[in-house]
Amino acid sequence: MNIDWQAFLLTAQLAGLTTVILLVLATPLAWWLAHSQRPWIGWVEALIALPLVLPPTVIGFYLLLLFAPESGPGAWWFSLTGEPLNFSFTGLVIASVIYSLPFATQPIQGAFSSVSSGVLEAGATLGASPLDRFFRLVLPLSRRGYLTAAVLVFAHTLGEFGVVLMIGGNIPGETRVISVALYEAVETLNYGSAHTMAAILLAFSFVVLLVVYALNRRFSFRLGSGV
Amino acid sequence: MAVLRIDLEKNLGDFSLQITQALNIHTVLGVLGNNGAGKTTLLRLLAGLDPIERGVIEFGNSTWLDSNRGIFVPPHKRRIGMVFQDARLFPHLTVEGNLNFAADRAAGQLLPRTEVISALGIEGLLPRTPEGLSGGERQRVALARALMSAPQLLLLDEPLSAVDMGYRVELMPYLRRVIDRFHIPTVYVAHTLDELTQLADQLLVLREGRCAALGSVTEVLVQLDLPEVASREQASSIITAQVTSHDLDYQLTSLTLGGQSLSLSGLVAMPGADVRVRVFATDVAIALLKPEGISIRNVLPAVVTAIRVDGASPFADVLVAVDGQSLRVRMTRASLDELNLTESQPVFALLKTASIASD
């Protein structure tokens, strides 16, 4: 039996790194989306939500063009680092961040919106500055949103296939993630290792979701209810 | 005492608030007004929670707002303590965590923590989360939390309005104790007079965003042209009298009021102490001659000082002076005409009952 542990490790690295980057990146974005009154906010929201509906190959195709070392961002990156973005781990991370962005922003934005302004006003009258209120009130009151975002992003990146295939290819230790390794095992009629990899992925996903739901129940104080 | 100088102008749709006053806050300044009179708007402006186009707010020596000089001190730097109608406790923290949140950010001298906790009787609630607390408990915690931030000014926005009727009576002594013990200048917004007669010494009456009256509670209560203090249930006056003795057998307390003796039930005060008693206008009757053979024990010589008749109402308001103190009387217009009362006419005021206003 031939299990591609390297692919597992790479997938975990990719999903973990994407999750961390997205939680940080989505925080100001979600705050802005939750509180901005500008009329064109809908355009931004639609743009961010695109990966939810677009076929991954479409995103992969455009990213392939953008990442190409001949022009645009790809050329800039190439001149900066001497490495192409296409068919590299860095390229995969950037693609995953774009591909999973809505899975991070939407739960966090929802959580921010449900933190009552009344509670924040109370914080202000008690001497908490805006930043203080954000870290000590908004963030803890939004932890369910963050948990949901983290799990969705991680799981979504885990299952990423089309985008990876378009811009990453199948380089062991660099871009060959578990879904690609699984695909290859099936293509080469190596059903034994395909079974094992699929079963591990299935079990892992189930356990993660189980933990999330259990945690969610424990954190089930009413969010932003202003009690 | 603290001086709060305000010059505010705020427009909100078809409502506008326009107040220019120097408010001397001895202990508690009560703000009274109907719904939509601008009470909460005023309080939120004092706290700095809402933007304003033009205005000045000076508290003591500090300027919180001066639109001409571009000064706006944000709420977290004003050193205020605010209690909202809904307690707004932090749901992710315990009661103790809520108090710590305030104490950690307090500027200046902290109030002694154990004293705050015991004054509000929340010792047993400290480890609990806000979710499990009753409405009255939440407001007590909210008040304790506000005190823990060592405020220079307390702003109370109808703190009893979201609390069940029965609990309001329970909460009053806590409010009283906080006011007496910590001596923090307080602005107390309410839409019923009951709380204010018990807690406030000064009264600001708001009507449609304007100041309709400002003065001591005693003075404002007897302004006959103020509908805010004239409702059938609330119209009243406050008189100060001295306790002379208690009759334990009949459970009555004797008081003197300018040489006249007065007997009331339900008073707890040492002989010699001055007490402020609130007398409801409907509990006072007027007689032209000293009545005999009547169950009412309190018959005080008085002089009519003002009469107000509203043709649309069956009732009339009469003000009489008893030893220099104003007593508000509500009677029917029919009685008024029958007695043919005129100003400066000597009469007798008959008091049925009275309740204590404040110590």
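Every read-out reported here was derived from the displayed coordinates using simple, explicitly stated rules and does not represent laboratory data. Keep in mind that this is a model prediction, so the values were computed, not measured. Virtual Cβ from ideal backbone geometry, glycine too; neighbours counted across all protein chains shown.
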Please express the shape of the stretch B:168-219 as an equivalent ellipsoid: the semi-axes are the square roots of 5 times the eigenvalues of the C-alpha gyration tensor, given largest first in whole angstrom.
22, 13, 10
Ratio to report: Rg/Rh of the stretch B:236-358, with Cα atoms as the point set and Rh obtained by the Kirkwood method; give two decimals.
0.99
Rounded to the nearest 20 Debye, what is the dipole magnitude of the protein assembly as shown about its Cα centre when Lys and Arg each give +1 and Asp and Glu each give -1 at the C-beta?
500
Charge dipole (the protein assembly as shown, unit charges on Cβ, about Cα centre) - positive-most of A:152, A:11, B:94
A:11
Convex hull volume per residue in cubic angstrom - Cα atoms of chain A
143
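Equivalent-ellipsoid semi-axes (√(5λ), Cα gyration tensor) for the stretch B:22-78, whole Å, largest first?
20, 15, 10
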Could you tally the net charge around residue B:210, taking each other residue with its Cβ under 15 Å from the Cβ of residue B:210, Lys/Arg +1 and Asp/Glu -1?
-3
Count charges around residue B:58 for me, please; just the other residues with Cβ under 11 Å from its Cβ, Lys/Arg as +1, Asp/Glu as -1.
-1
Across the alpha-carbon set of the protein assembly as shown, Rg over Rh with Rh taken as the Kirkwood radius works out to 1.19
Let me confirm one metric for peptide B:84-90, namely the mean number of other chain beta-carbon atoms within 10 Å of its residues' beta-carbons.
6
Specify which residue in the list B:135, B:151, B:13 is farthest towards the positive end of the charge dipole of the stretch B:2-227, using unit charges on the beta carbon of Lys, Arg (+1) and Asp, Glu (-1), about the Cα centre.
B:151
State to the nearest 20 debye the size of the charge dipole of chain B about its Cα centre, where the only charges are +1 on K and R beta carbons and -1 on D and E beta carbons.
720
Just how far, in whole angstrom, is the stretch A:143-210 from the stretch B:143-215 if you go by their alpha carbon centroids?
61
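With +1 on the Cβ of every Lys and Arg and -1 on the Cβ of every Asp and Glu, and nothing else charged, how large is the dipole of the stretch A:5-218 about its Cα centre, in debye rounded to the nearest 20?
800
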Please list, or write none, the lysines whose alpha carbon is within less than 27 Å of the alpha carbon of residue B:10, excluding same-chain residues fewer than 8 places away.
B:39, B:77
Could you give me the radius of gyration and the Dmax of the stretch B:1-112, taking only the C-alpha atoms into account and expressing both in angstrom?
15.6, 46
Straight-line reach from residue B:290: which lysines have Cα under 17 Å away, leaving out those fewer than 8 places along the same chain?
B:352
Where does each of A:40, B:64 land when they are ranked from fewest to most other beta-carbon atoms within 10 angstrom?
A:40, B:64
Would you work out which of A:22, B:80, A:182 lies farthest towards the positive end of the dipole of the protein assembly as shown? Charges go on Cβ: Lys and Arg +1, Asp and Glu -1.
A:182
I want to verify a result. In a Gaussian network model of chain A, Cα cutoff 10 Å, which of these has the top mean-square fluctuation: A:85, A:165, A:66?
A:66
Ranked by Cβ crowding within 10 angstrom, fewest neighbours first, how are B:148, B:331, B:82, B:165 ordered?
B:165, B:331, B:148, B:82
How high is the relative contact order of chain B, given as a whole-number percent (alpha carbon pairs under 8 Å, six or more residues apart)?
15
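Neighbouring Cβ atoms within 10 Å as the yardstick, rank A:80, B:45 fewest first. Could you put the intermediate results ahead of the total?
Working: A:80 8, B:45 22.
Lowest to highest Cβ neighbour count: A:80, B:45.
How big is Rg to Rh over chain B, alpha-carbon atoms, Rh as the Kirkwood inverse-mean-distance radius?
1.02
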